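J.: Sharing a structure here in C-alpha cells format.
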Protein chains: 2
Amino acid sequence: MTGTLAEAPFLRACRRQPTAHRPVWFMRQAGRSLPEYRKIRERASMFEIMRDPALTAEVTLQPVRRLGVDAAILFSDIVTPLAAIGVDVDIKPGVGPVFGQPVRTSADLAQLRPLEPDADMPWAAEAVRLVVAELGSTPLIGFAGAPFTVASYLVEGGPSREYANTKRLMRTDPTLWRILLDTLADISLATLRAQIEAGASAVQVFDSWAGTLSAADYERYVLPSSRRIFDGLADLGVPRIHFGVGTGELLGLMGAAGADVVGADWRVPIADARTRIGPDKAVQGNLDPVLCLAPWEVVEPAARDVIASAGDAPGHIFNLGHGVLPDTNPDILKRLVDLVHSA
Amino acid sequence: MTGTLAEAPFLRACRRQPTAHRPVWFMRQAGRSLPEYRKIRERASMFEIMRDPALTAEVTLQPVRRLGVDAAILFSDIVTPLAAIGVDVDIKPGVGPVFGQPVRTSADLAQLRPLEPDADMPWAAEAVRLVVAELGSTPLIGFAGAPFTVASYLVEGGPSREYANTKRLMRTDPTLWRILLDTLADISLATLRAQIEAGASAVQVFDSWAGTLSAADYERYVLPSSRRIFDGLADLGVPRIHFGVGTGELLGLMGAAGADVVGADWRVPIADARTRIGPDKAVQGNLDPVLCLAPWEVVEPAARDVIASAGDAPGHIFNLGHGVLPDTNPDILKRLVDLVHSA
C-alpha cells in the first residue's frame with residue numbers, strides 16, 4: 001500500500017470521493033475461513049482472543065496480510081461489551097451468543113450498566129493501537145452491534161428464528177423496550193468512541209437481524225435508538241457504516257438513522273440500493289457469501305454483476321452481502337480482491 | 001355460512017370482486033395450535049394423517065369449525081408427493097422434511113419419477129372429496145410446493161439456513177437444475193390438478209424460501225419452472241395463489257409467473273405489495289404471525305393496520321405473513337377472524 005491513511009481508497013469511497021481502485025473488504029474476513037485463525041482458535045476461545053490485545057491484533061491483521069483487503073475490522077462480537085460489564089453471556093461454537101438470564105422485565109435490566117471502556121475493556125483499545133501501528137495507511141474499522149440486534153439476543157436468550165419474545169416486548173412494553181435499546185445504544189456508542197480514540201478510522205454498526213421488522217416497526221421502535229449511536233459519533237468525523245441482512249425495505253431508514261454508508265445484502269442490486277439509500281450516502285456490498293463456496297467460474301460473473309450494478313460513480317465499497325462463511329476457501333477471497341481492484 | 005360456493009367471499013376476493021365481508025384464513029390453520037389436532041397427532045404421524053382420508057379431512061375441517069375462517073386448505077406438506085413416489089423422506093418433528101439421499105448430481109435424479117395421483121396418492125383426492133362434501137359453500141384450497149422450495153429441501157437434504165448446495169447447483173449446473181425444477185413443477189402440477197378435479201376450488205403454491213434469492217436469480221433460475229405449474233392449471237379456471245417469505249423484491253415476478261393472488265409477508269405493507277404485484281392481481285396477507293403470540297391488545301391494532309393498508313378496494317384476503325406458530329392461542333385467531341369480518 002502506498003499513500004496516506006486519510007486518502008485510503010476505503011475512506012475516500014465512504015466519503016463518495018473518486019478512488020484509484022474500488023475498495024473491498026469482507027465482513028467476517030477475520031475468522032474461521034482462514035487456517036491461521038483456526039490455528040489460534042485451537043488454543044483460545046473467542047473471548048480469550050478478544051481479551052488479549054496481541055491475539056486480537058493478530059487475527060484482525062491476518063486477512064489484510066493474506067487477502068490484501070482495503071480495510072481491517074476489529075475482531076470482536078456484538079455481545080463483547082455486554083460480557084465486559086459482567087453480563088452472563090457465552091459465545092457457543094456453531095450456535096452464537098447465549099445468555100444466562102434473558103432480559104424480559106424491568107428487573108432483568110439490573111444486569112446492564114453503562115460501559116466504561118477504559119476500565120471494562122481496556123484490551124480493545126490496546127488491540128486497536130497495536131493494529132493501527134501495523135496497518136500504516138490501511139484503515140481499521142471499529143466494530144459494534146446495533147441496539148435491536150443486540151436486544152434480540154438478550155431478550156431471546158440466544159439466536160432466534162422468529163424473535164417472538166423480542167417483538168412481544170417491543171409491543172407490550174414500549175417504555176421498557178426503549179430503555180433497553182437506549183441502554184444498549186449507549187454501550188455501543190461508548191465502545192465505538194473508545195475504538196476511534198485509539199485509532200480506528202471508521203466504524204460499522206451491525207444490525208444484522210433488523211430485516212425481520214417492517215419499515216413502520218423499525219422506524220418506531222428501533223431507529224431512534226440507533227440514531228443515538230450515529231449522532232453520538234458525529235463530532236469524531238469518521239465514516240459510519242450501518243449494515244443488516246434482508247433490509248431491502250429499511251435501507252432508506254438505516255441511512256436516515258445517521259449512517260454515512262449503508263450496507264445491503266444480495267437481495268437488492270447495488271443500483272437499487274443506492275436509489276433507496278439516497279444520493280448523499282455511500283453503499284457497501286453485496287455479493288451473496290454462499291456463492292464464495294462455489295468454484296471461481298461461479299464467483300467471477302456474480303462479482304462482475306455487482307460491480308456493473310454499482311457502476312463507476314464514487315461511493316461503492318465492495319463487500320459480501322453478509323459475513324464470510326466458515327467453509328469459504330480463502331483463495332477465492334483473494335481472487336475476488338484482485339478482481340475488484342482490477343475491474 | 002350462506003350463499004353458494006361460487007360466490008364465496010374468499011373466491012370473489014381472489015377474482016377482485018366486491019364481498020360482503022373481507023375474507024380471512026390462516027396458513028397452517030390446521031396444525032399444532034389446535035388442541036384437537038394435537039390430540040390426533042398423539043396417535044398418528046403427519047404422513048399417517050395424510051394417507052388416511054378421514055383423518056386428513058378431520059384436521060382440514062377443524063379450523064373451519066373452530067375459527068369460522070372463509071376457506072379450508074388441504075392438510076398436506078410440500079414433500080407429500082415426493083413421499084408418494086417413493087422418495088426417502090421423513091418429516092421430523094421440530095425439524096422439518098429430511099431426505100435420505102440429497103439430490104446433487106444427475107444420478108440422484110433417479111429418485112424422481114412423474115407423479116400419477118390416482119395410483120400414487122389416491123388418499124389425497126379422497127380427502128378432498130370428504131372435505132368438500134362437509135364444507136358446503138366454504139371453499140377448499142389445494143396445496144402444493146413450488147419447485148424452488150421443494151428443490152431446496154431435496155438438494156440440502158433438509159431445512160437450511162444458507163441454501164449453499166442449492167445455490168451452487170443452480171449456478172454450476174443450470175441444465176441439471178432446470179431438469180430438477182421442471183420435474184418438481186410437473187409433480188406439483190399433477191397433485192394440484194387432481195385436488196381440483198376432486199373438488200378444490202382454489203390452490204396455493206408455497207415457495208416459502210424463494211426470498212433468499214435476488215430478483216435476477218429468481219427470474220432466471222426459478223420463475224420459468226414455477227410458471228409451468230400456473231400455466232398448467234389455467235384451463236381449470238380456479239384462482240391460483242403464490243406465496244413466499246421475505247419476497248419483497250420478488251412480488252411482481254411471483255405474480256408474473258402466472259398467479260392470480262400473491263401472498264406477502266409482514267415486511268411489506270399491503271398497499272405497497274399491491275403496487276408491486278400490479279392492478280390485475282389480488283393480494284393475501286400479512287399480519288406478522290409472531291404477534292399472534294402476544295395479548296389481544298397487541299394483535300388488534302396490528303390487524304387494523306393491515307386492514308387500513310389494504311383499504312376498501314376489492315381483492316384483499318386477510319392472512320398472516322407466514323404460518324400460524326405452534327404456540328398460538330386459537331382464541332386469538334378466533335378473535336382475529338371476527339375482527340376482520342366486522343372491520
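The values are calculated or read from the model by the stated rules, or taken from the named source; none is laboratory data. Keep in mind the model is a prediction, meaning the values are calculated, not measured. FYI the Cβ positions are ideal-geometry reconstructions off the backbone, even for glycines, and counts take in every protein chain you see. Surface areas here come from the heavy atoms of the whole protein model, side chains and all, with no ligands, DNA or RNA. Shrake-Rupley method; radii C 1.70, N 1.55, O 1.52, S 1.80 Å.
J.: Put B:Thr60, B:Thr183, B:Thr4 in order of accessible area, largest first, 1.4 Å probe: what do you get? Walk me through the numbers before you get to the answer.
T.: Values: B:Thr60 0, B:Thr183 40, B:Thr4 80 Å².
Final ranking, largest accessible area leading: B:Thr4, B:Thr183, B:Thr60.
J.: Return the FRET efficiency for the residue pair A:Trp296, B:Ala119: r is the Cβ-Cβ distance, R0 is 45 Å, and the value is rounded to the nearest 0.05.
T.: Numbers: r = 46 Å, r/R0 = 1.03.
Here the calculated transfer efficiency is 0.45.
J.: Between the stretch B:315-343 and the stretch B:86-133, how far is it from one alpha carbon centroid to the other, in angstrom?
T.: When both Cα centres are located, 29 Å separates them.
J.: Taking the simple approach of a point 7 Å from Cα along Cα-to-Cβ for both A:Ile40 and A:Arg65, what is their distance in nm?
T.: According to this spin-label approximation, the distance is 0.9 nm.
J.: Still on this structure, please answer the following. Based on DSSP loop calls and a cut-off of at most 16 other Cβ atoms within 10 Å, the longest stretch of chain B free of exposed GluC sites (Glu not before Pro) is what? Don't skip to the end; give the middle numbers.
T.: Numbers: sites that count: B:Glu7, B:Glu42, B:Glu162.
The longest uninterrupted stretch comes out as B:163-343.
J.: In the protein assembly as shown, what is the count of Lys pairs whose alpha carbons are under 23 Å apart, counting only pairs at least 8 residues apart or on separate chains? Intermediate results must be reported in sequence, preceding the final value.
T.: On the way: A:Lys39/A:Lys92; A:Lys39/A:Lys334; A:Lys167/B:Lys334; A:Lys334/B:Lys167; B:Lys39/B:Lys92; B:Lys39/B:Lys334.
Close lysine pairs under the 23 Å cut-off: 6.
J.: A follow-up question, please. Of B:Leu55, A:Val245, B:Val128, which is farthest along the charge dipole of the protein assembly as shown in the positive direction, counting Lys and Arg as +1 and Asp and Glu as -1 at C-beta?
T.: Checking the options against the dipole of the protein assembly as shown, the answer is A:Val245.
J.: OK, next. With a 1.4 Å probe and every protein chain kept in, tell me what percent of the accessible surface of the stretch A:12-154 is carbon plus sulfur. It would help to have the intermediate numbers written out before the result.
T.: Numbers: 2810 of 5660 Å².
It is 50 percent, rounded to a whole number.
J.: Separate question: If B:Asp280, B:Asp70 are ordered by their accessible area, calculated over protein heavy atoms with a 1.4 Å probe, which sequence runs from highest to lowest?
T.: Reading off the accessible areas and sorting them downward yields B:Asp280, B:Asp70.
J.: DSSP beta bridges in the protein assembly as shown, what fraction antiparallel, as a percent rounded to 5? Mind showing how you got there, number by number?
T.: Numbers: 8 of 54 bridges.
Bridges in the protein assembly as shown are about 15 percent antiparallel.
J.: Here is a follow-up. Can you give me the solvent accessible area of A:Asp331 with a 1.4 Å probe, rounded to the nearest 10 Å²?
T.: We get 90 Å² for A:Asp331.
J.: Let me ask something else about it. Please report the spacing between the Cα centers of the stretch A:50-64 and the stretch B:138-168 in Å, no decimals.
T.: Going from one Cα centre to the other spans 41 Å.
J.: I want to check the label-to-label distance for A:Glu219 and A:Asn329. Put each point 7 Å from Cα in the C-beta direction and report it in nm to one decimal.
T.: 4.7 nm
J.: Apply the Karplus parameterisation 6.51 cos²θ - 1.76 cosθ + 1.60, with θ equal to phi minus 60°, to every residue of the stretch A:302-314 and state each ³J(HN,Hα) to the nearest whole Hz, in sequence, with x for glycine and proline.
T.: 5, 5, 5, 4, 4, 5, 5, 5, 6, x, 9, 4, x
J.: Moving on to the next point. What's the center-to-center distance, using Cα atoms, between the stretch A:179-217 and the stretch B:174-192 in Å?
T.: 45 Å
J.: Angle between the Cα long axis of helix A:330-342 and the longest principal axis of chain A, 0 to 90 degrees, nearest 10?
T.: Around 60 degrees separate the two axes.
J.: Treating the Cα atoms of the protein assembly as shown as identical point scatterers in vacuum, please give the log10 of the normalised Debye intensity I(q)/I(0) at q = 0.05, 0.07, 0.12 Å⁻¹, two decimals.
T.: Once normalised to I(0) and log-transformed, intensities are -0.24, -0.48, -1.31.
J.: Heavy-atom accessible area of A:Tyr163 with all protein chains present, probe 1.4 Å, nearest 10 Å²?
T.: Surface open to solvent at A:Tyr163 totals about 20 Å².
J.: Could you tell me which residue out of B:Tyr37, B:Ala271, B:Gly321 lies farthest along the dipole of the protein assembly as shown toward its positive end? Charges go on the beta carbon: Lys and Arg +1, Asp and Glu -1, centred on the Cα centre.
T.: B:Ala271
J.: Another one. Quick one: which residues, 5+ away or cross-chain, put their amide H under 5 Å from the amide H of A:Asp288? H built at 1.01 Å from N.
T.: Sorted by chain and number, the residues that satisfy this are A:Gly321.
J.: When the dipole is taken about the Cα centre of chain B, and only Lys, Arg (+1) and Asp, Glu (-1) are charged at their Cβ, what size is it in debye, to the nearest 20? Write out the running numbers ahead of the final one.
T.: Details: 34 positive and 40 negative charges, 64 e Å.
I would put it at about 300 debye.
J.: In chain A, if the dipole is taken from +1 on Lys/Arg beta carbons and -1 on Asp/Glu beta carbons about the Cα centre, which of A:Ser214, A:Leu184, A:Gly232 is farthest to the positive end?
T.: Farthest towards the positive pole: A:Ser214.
J.: Place a +1 charge on the Cβ of each Lys and Arg in the protein assembly as shown and a -1 charge on the Cβ of each Asp and Glu, then give the dipole magnitude about the Cα centre in debye, rounded to the nearest 20. Intermediate values should be presented prior to the final figure.
T.: Details: 68 positive and 80 negative charges, 66 e Å.
Here the size comes out at about 320 debye.
J.: Compute the helix-to-body angle for A:223-233: its Cα long axis versus the longest principal axis of chain A, expressed 0 to 90° and rounded to tens.
T.: 60 degrees
J.: Right, next: Whole-Hz Karplus ³J(HN,Hα) for the stretch A:48-63, in order, using 6.51 cos²θ - 1.76 cosθ + 1.60 and θ = phi - 60°, x for Gly and Pro?
T.: Karplus-based 3J(HN,Hα) across the stretch A:48-63 equals 5, 5, 5, 8, 10, x, 5, 5, 4, 4, 4, 6, 5, 7, 3, x Hz.
J.: In square nanometres and to one decimal, what's the mean projected area of the convex hull around the Cα atoms of the stretch A:1-154? Walk me through the numbers before you get to the answer.
T.: Working: hull surface 40.9 nm².
If I average the Cα hull's projected area over directions, I get 10.2 nm².
J.: At a 1.4 Å probe radius, which order do A:Ser106, A:Ser201 fall into by accessible area, largest first?
T.: On the way: A:Ser106 85, A:Ser201 20 Å².
In descending accessible area the options line up as A:Ser106, A:Ser201.
J.: Now, a different point. Please label the shape of the stretch A:164-322 as rounded, prolate or oblate, based on the square roots a ≥ b ≥ c of the eigenvalues of the alpha-carbon gyration tensor (a/c under 1.5 means rounded; beyond that, a/b larger than b/c means prolate, else oblate).
T.: On the way: a/c = 2.00, a/b = 1.46, b/c = 1.37.
Prolate, since a/c reaches 1.5 and a/b exceeds b/c.
J.: Let me ask something else about it. Using only the alpha-carbon atoms, how far is helix B:122-135 inclined from the longest principal axis of chain B? Give it as 0 to 90 degrees, nearest 10.
T.: Long axis of B:122-135 versus the principal axis of chain B: about 10 degrees.
J.: Let me ask another. So what J values fall out for the stretch B:197-214 if you push phi through Karplus, 6.51 cos²θ - 1.76 cosθ + 1.60 with θ = phi - 60°, rounded to Hz, Gly and Pro as x?
T.: 4, 7, x, 5, 10, 6, 9, 10, 9, 8, 10, 3, 9, 4, x, 6, 9, 6
J.: Then there's this: What are the extents of the Cα atoms of the stretch B:3-342 along their three principal axes, in Å, largest first?
T.: For the stretch B:3-342, the Cα spread along each principal axis is 56, 44, 39 Å.
J.: Please sort B:271-278, A:232-239 by packing, taking for each peptide the average over its residues of neighbouring beta carbons within 10 angstrom, highest first. Let's see the in-between values first.
T.: Details: B:271-278: 18.8, A:232-239: 15.1.
In descending order of packing, they fall as B:271-278, A:232-239.
J.: Related question: Give me the accessible area buried between chains B and A, both sides summed, with a 1.4 Å probe, in Å² rounded to the nearest 100. Walk me through the numbers on the way to the answer.
T.: Working: alone 13530 and 13530 Å², together 24760 Å².
Chains B and A together bury approximately 2300 Å².
J.: Using helices alone, I'd like the mean residue ellipticity at 222 nm for chain B: each DSSP H run of four-plus residues gives -39500 (n - 2.57), total over residue count, nearest 500. Working shown, then result.
T.: On the way: 15 runs with 153 residues, N = 343.
Rounded to the nearest 500, the figure is -13000 deg cm²/dmol.
J.: Once you put a point 7 Å from the Cα of B:Arg15 and another 7 Å from the Cα of A:Asp338, both along the Cβ direction, what distance in nm separates them?
T.: Computed distance between label sites B:Arg15 and A:Asp338 equals 6.3 nm.
J.: Using the crude model of +1 on Lys and Arg Cβ and -1 on Asp and Glu Cβ, and no other charge, please compute the dipole size for the stretch B:213-331 relative to its Cα centre, in debye to 20. It would help to have the intermediate numbers written out before the result.
T.: On the way: 9 positive and 16 negative charges, 88 e Å.
Once rounded to the nearest 20, the dipole reads 420 debye.
J.: For chain A, calculate the relative contact order in percent as a whole number, restricting contacts to Cα pairs under 8 Å that are 6 or more residues apart.
T.: Details: 674 pairs, mean separation 74.3, N = 343.
Once divided by the residue count of chain A, the mean separation gives 22 percent.
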